[in-house]
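Here's the structure, in structure tokens; my notes come after.
Taken together, the values in this text are just the output of simple stated rules run on the coordinates, not laboratory data. The shown structure was predicted, so the numbers you read here are calculated from the model rather than taken from an experiment. Cβ placement follows ideal geometry from the backbone for every residue including glycine, while neighbour counts extend to all protein chains displayed.
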Amino acid sequence: MLNISNTQLNKKIPLEEYKSYKKAFSPKNSKVFNRMLAIFTIIILVVLFLPWTQNVSGRGYVTTLTPDQRPQTIQSPIPGRIEHWYVMEGDYVKKGDTILHISEIKNEYQDPNLVARTNIQKEAKSKSVVSYQEKIKALGNQVAALKNERQLKLSQAQNKLEQSKFKVVSDSMDLEALKNNYEIVERQYNRTKTLQSEGLKAVTDVEEKRVKLQEAQAKLIAQENKLLSSKNDVINAGIELNRIGAEYADKIAKTTSDMYTAESSQYEAEAQVSKLESQSTNYEMRNDMYYIKAPQNGYITKALKGGIGETFKEGEQLVGIMPANFQLAVETYINPIDLPLLHIGETVRIQFDGWPSIFFSGWPNTSYGTYAGNVVAIESFISPNGKFRVLIAPDKNENAWPEKLSVGSGAYTFALLEDVPIWFELWRKLNGFPPNYYQPNSAENVKSKK
């Protein structure tokens, strides 16, 4: 009692007469209290030195070990309209079973004979390719014939040129002979004329020699004209030879150009055939897409689009499916400060939501209702929630996880670290220090071997 007031009741009222005072201030009770206080203190001191297992805790949920075992939604790769449902929610489907039938909503694909008509176009273009191939062969034969004909024409013109050259040589020789004859006739005429002036020859002899001289001169002039004509024939033969080469080169070039044009048309037709084949295949595959099928064995969980006649866009979710065969795992998240303490293969204790358990984080051996797991993956980049993701698989050497455990259930995880005294753990908690840096036994063995 605080003696705040000037009126002290403990001096005016005798407290010894009350039973509570006698029990509280009895020497016997004080000894019992002191003994109990000492025993409690000793127990606390003993407890402070008991071993405590440090751990890293995290909150997560149940998932599957591999991505292909997780719940998924089925989308349609094409836009369409729902025509008929073949399943109900909760039904079990096998891989390839038809879930629903859809119809086309795009105008360019609504023709029921689209594939057949595309195949007809493809066959027509294929025949066009064959026609171009035959045309190319014919033009090739024509080019070969023109080359042979050119060779013959050039040989003929070359022969004519050689003949003209020989004729020029012959005419040149005849011209020289006529020149010699003209000189002889001219000398005879001059001698006869001289003798006539001397009275030794008659005038008739002079006139006769003049006639012969004129005849020789005429023959000489005619031969010169003939030689010029022969030379002109040589020039004409050369010109004809060049003309034949140019003419047939033009014909061959034109025919070759036609052949290349036909080849270009053939390649274009082949490209169109390939394009039509691709379109035909795409149309056939698009027809198969009108039936939405199950990608794997599983259970239909929810129809995201319902009714008949409802339209949807490509890639829009239609129905959810849960795989029938899956291996459970736990996806948990830890703080960045605890990331260096976790290692692949480390043992983790897990407490699942909905399963009764009694868990002592520092004494895992005394816990009840928890299950063991092993760390199989640790992400090296931080998640949007500011923590690191850790994937935990069941420990095959411990008790199996509950059979009724569902994907998406909550889970609380504890990664067990080193054993330290309780007083050290309390001191660490009060100061906000992280757990001791931890290396599993496997890592220590590897270091010792090195």
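Within 10 Å of each candidate Cβ there may be at most 15 other Cβ atoms; applying that plus a DSSP loop requirement, which chymotrypsin sites (Phe, Trp or Tyr not before Pro) in the range 53-111 survive?
Passing sites in the range 53-111 are Tyr86.
Could you run the Karplus curve 6.51 cos²θ - 1.76 cosθ + 1.60 with θ = phi - 60° over the range 318-326 and give me ³J(HN,Hα) per residue in whole Hz, x for Gly and Pro?
Once θ is set to phi - 60°, the couplings for the range 318-326 become 10, 8, x, 9, 10, x, 7, 10, 8 Hz.
Can you give the extra length, in nm with one decimal, that the chain gains between Ala249 and Ala377 once fully stretched, where that is 0.36 nm per residue apart less the Cα-Cα distance?
Full extension from Ala249 to Ala377 adds 38.4 nm.
Under the rule of at least 5 residues apart or a separate chain, name every residue whose amide H is placed under 5 Å from the amide H of Trp401.
Close amide H contacts, sequence-distant or interchain: none at all.
Kindly put Phe381, Phe414, Phe49, Phe326 in sequence by how many other C-beta atoms sit within 10 Å of each C-beta, fewest to most.
The order, fewest Cβ neighbours first, is Phe381, Phe49, Phe326, Phe414.
With the cut-off at 1.5 for a/c, could you classify the range 114-288 from its C-alpha gyration tensor as rounded, prolate or oblate?
Prolate.
Run the quick spin-label model on Arg70 and Tyr109: label points 7 Å from Cα toward the beta carbon, then report their separation in nm to one decimal.
Taking the simple label geometry, Arg70 and Tyr109 are separated by 2.9 nm.
Please give the charge dipole size of the range 114-288, origin at the Cα centre, charges +1 on K and R Cβ atoms and -1 on D and E Cβ atoms. Round to the nearest 20 debye.
160
Starting from the 7 Å offset along Cα-to-Cβ, what nm value, one decimal, do you get for the label separation of Lys31 and Thr301?
7.1
Which loop trypsin sites (Lys or Arg not before Pro) in the range 66-135, with loop taken from DSSP, have no more than 15 other Cβ atoms within 10 angstrom of their Cβ?
Those satisfying the criteria are Lys94, Lys95, Lys106.
Label point 7 Å out from Ser172 along Cα-to-Cβ: which residues of the range 231-246 have amide N under 19 Å?
Those under the cut-off are 231-239.
For a quick check: with amide H placed at 1.01 Å from N, whose amide H comes under 5 Å from Gly80's, ignoring anything fewer than 5 positions away on the same chain?
HN-HN under 5 Å from Gly80: Phe312.
Report the net charge of residues surrounding Ala144, where surrounding means a beta-carbon distance below 13 angstrom and charges are Lys +1, Arg +1, Asp -1, Glu -1.
So the surrounding residues net to +3.
Using the count of nearby Cβ atoms within 10 Å as a rough guide to exposure, how do Val211, Val407 rank from fewest to most?
Least crowded to most crowded, the residues run Val211, Val407.
If you add up the charges near Val234, with Lys and Arg at +1 and Asp and Glu at -1, over every other residue whose beta carbon is less than 9 angstrom from its beta carbon, what do you get?
+2
Between Ala377 and residues 5 or more places away or on another chain, which pairs have amide H atoms under 5 Å apart, with H built 1.01 Å from N, and which residues are they?
Residues meeting the criterion, in which the H sits 1.01 Å from N, are Leu391.
Per residue of the range 252-257, in order, report the coupling 6.51 cos²θ - 1.76 cosθ + 1.60 (Karplus, θ = phi - 60°) as ³J(HN,Hα) in whole Hz, putting x for Gly and Pro.
5, 5, 5, 5, 5, 4
Quick one: 3J(HN,Hα) in Hz for the range 33-50, Karplus 6.51/-1.76/1.60 with θ = phi - 60°, rounded, Gly and Pro as x.
5, 5, 5, 5, 5, 5, 4, 5, 5, 5, 4, 4, 5, 5, 5, 4, 9, 6
Taking the Cβ of Lys179 as the center, what net charge do the other residues with Cβ under 11 Å away carry, scoring Lys and Arg +1 and Asp and Glu -1?
-4
Modelling each spin label as a point 7 Å along the Cα-to-Cβ direction, I'd like the Ile308/Ser274 distance in nm, to one decimal.
Reported label-point gap for Ile308 and Ser274 is 4.6 nm.
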